[in-house]
Amino acid sequence: MFKIPNVLDADALLDKAFGRAKKIAERDRKARAINKVSTVKMILNNTLQKYVKAFPSFDKLHRFHYELLDLLIGVDKLKKSLGAIEWARKKINSICYQGIKKLKKEEEDFAPIVKEVYGRISSIIYQINPHLNFLEESRLKIKQIPAISTDLPTVIIAGYPNVGKSSLLKLLSSAKPEIASYPFTTKGLIVGHFYVEQNHEKKKIQIIEAPGLLDRPNEERNEIERQGIIALKYLPDLIIFIIDASLHCGYDLESQLNLLEEIKKEFGVDVIVVENKVDISKGKTEYMKISCKTGEGIEELKEEIKKRLF
Ligand SMILES: Nc1nc2c(ncn2[C@@H]2O[C@H](COP(=O)(O)OP(=O)(O)O)[C@@H](O)[C@H]2O)c(=O)[nH]1
Ligand SMILES: [Mg+2]
């Protein structure tokens, strides 16, 4: 999603800054003291600034990523931690600035001034340690989020369990679909891609199934799954809803049609409804007929997807 550097904790951060300052070899005691403080200032300023900049500005994030971050980490908490780090950065800059000013005026006793600056810096860095830890935890969580494109035209496959969603996804995908583990589904999101030709141009389409999420009515979803739906809501340009009128899936037609209405309402995007398994049912509805077993209707479905997307 975005690249964030390792976030050091308070001890490691202070070691880094003070350690570097310790190495300064300057014969003149005054010059050395000033150099030490400005080195500490520079290192802490740059490092803390790097952390803040590595996290994206939240208003510019795609809504899918925003909701995902909120679900996974909590956007408010993250904003608060970044705010604390920014506060510390400025505070440290000003402490160092004042320290250097004092050192410039001083003729003899440099060590106590440096010591005082170090002490105040340490106390600030320890104060923000919980926020540093939280950023590091956040980084590790963000790193685990597998890539789902928010730029590609995206189709989501929905419908009751066992109606043939995975079968259709596999049939449409040009490569083996990948399972991307997301926090709001136990089975992950299954992501595939396929290409259609439009004006002699190959266009890539992303296709996603969310097992155990869009295949049951809202009242059966837990809190985290509902949040997952909110995240998913911003992804699709089109939904393919599969109905199994052979009833081999174990759900009656009425329940399936109710779920269809719910999904239409929840997502508010274009929906193609297909009746799958027509090799068994022979087609019992007015919807587009397909069979993932015989391949019947799949080319027509691809044409329809292309028509709706482009
Ligand atoms: N006869 C027949 N069986 C199908 C068809 N499509 C899927 N199935 C079977 O239905 C079962 C459930 O399919 P699956 O793709 O896993 O459904 P999902 O739970 O919606 O992802 C599997 O045993 C499939 O082989 C079809 O068009 N015809
Ligand atoms: Mg499936």
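The values are calculated or read from the model by the stated rules, or taken from the named source; none is laboratory data. Everything numeric in this text was worked out from a predicted model, so none of it was measured. Note that each Cβ is placed from the backbone with ideal geometry, even for glycine, and that neighbours are counted across all protein chains shown. Calculation scope for accessible area: heavy atoms of the full protein, side chains included, ligands and nucleic acids excluded. Shrake-Rupley method; radii C 1.70, N 1.55, O 1.52, S 1.80 Å.
Summary of computed values
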quantity: Residue among K30, K50 that alone is under 19 Å from I100 (Cβ atoms) and at pLDDT 95 or above; calculated: K30
quantity: Filter result (of a type in the set (D, E, K, R) and assigned to a helix (DSSP H, G or I)) within segment 71-109; calculated: D76, K77, K79, K80, E86, R89, K90, K91, K101, K102, K104, K105
quantity: Residue identified as within 16 Å of ligand 1 (Cβ to nearest atom) and not hydroxyl-bearing (S, T, Y) among I280, I224; calculated: I280
quantity: Residue ID - most open to solvent (accessible area, probe 1.4 Å), chosen from residues in segment 199-224 that are of a type outside the set (A, V, I, L, M), touching a residue at least 40 places away in the same chain (Cβ under 8 Å) and assigned to a strand (DSSP E or B); calculated: K204
quantity: Subset of segment 84-109 (residues that are open to solvent by 20 Å² or more (accessible area, probe 1.4 Å) and over 15 Å from T47 (Cα atoms)); calculated: S94, Y97, Q98, I100, K101, K102, K104, K105, E106, E107, E108, D109
quantity: Count of residues meeting criterion [open to solvent by 90 Å² or more (accessible area, probe 1.4 Å) and either in a loop (DSSP other than H, G, I, E, B) or more than 21 Å from Q49 (Cβ to Cβ) (or both)] in segment 110-129; calculated: 1
quantity: Out of K41, K16, K79, sole residue that is farther than 30 Å from P153 by Cα and surrounded by fewer than 13 Cβ atoms within 10 Å (Cβ to Cβ); calculated: K79
quantity: Residue list for segment 181-198, filter: surrounded by fewer than 16 Cβ atoms within 10 Å (Cβ to Cβ) and without any contact (Cβ under 8 Å) to a residue 60 or more places away in the chain; calculated: S181, T186, K187, Y195, E197
quantity: Leading residue by the ranking (modelled with the lowest pLDDT) among those in segment 135-168 that are more than 13 Å from ligand 1 (Cβ to nearest atom) and among the basic types (K, R); calculated: K143
quantity: Residue in segment 41-55 that is within 20 Å of E136 (Cβ to Cβ) and without any contact (Cβ under 8 Å) to a residue 24 or more places away in the chain present; calculated: yes
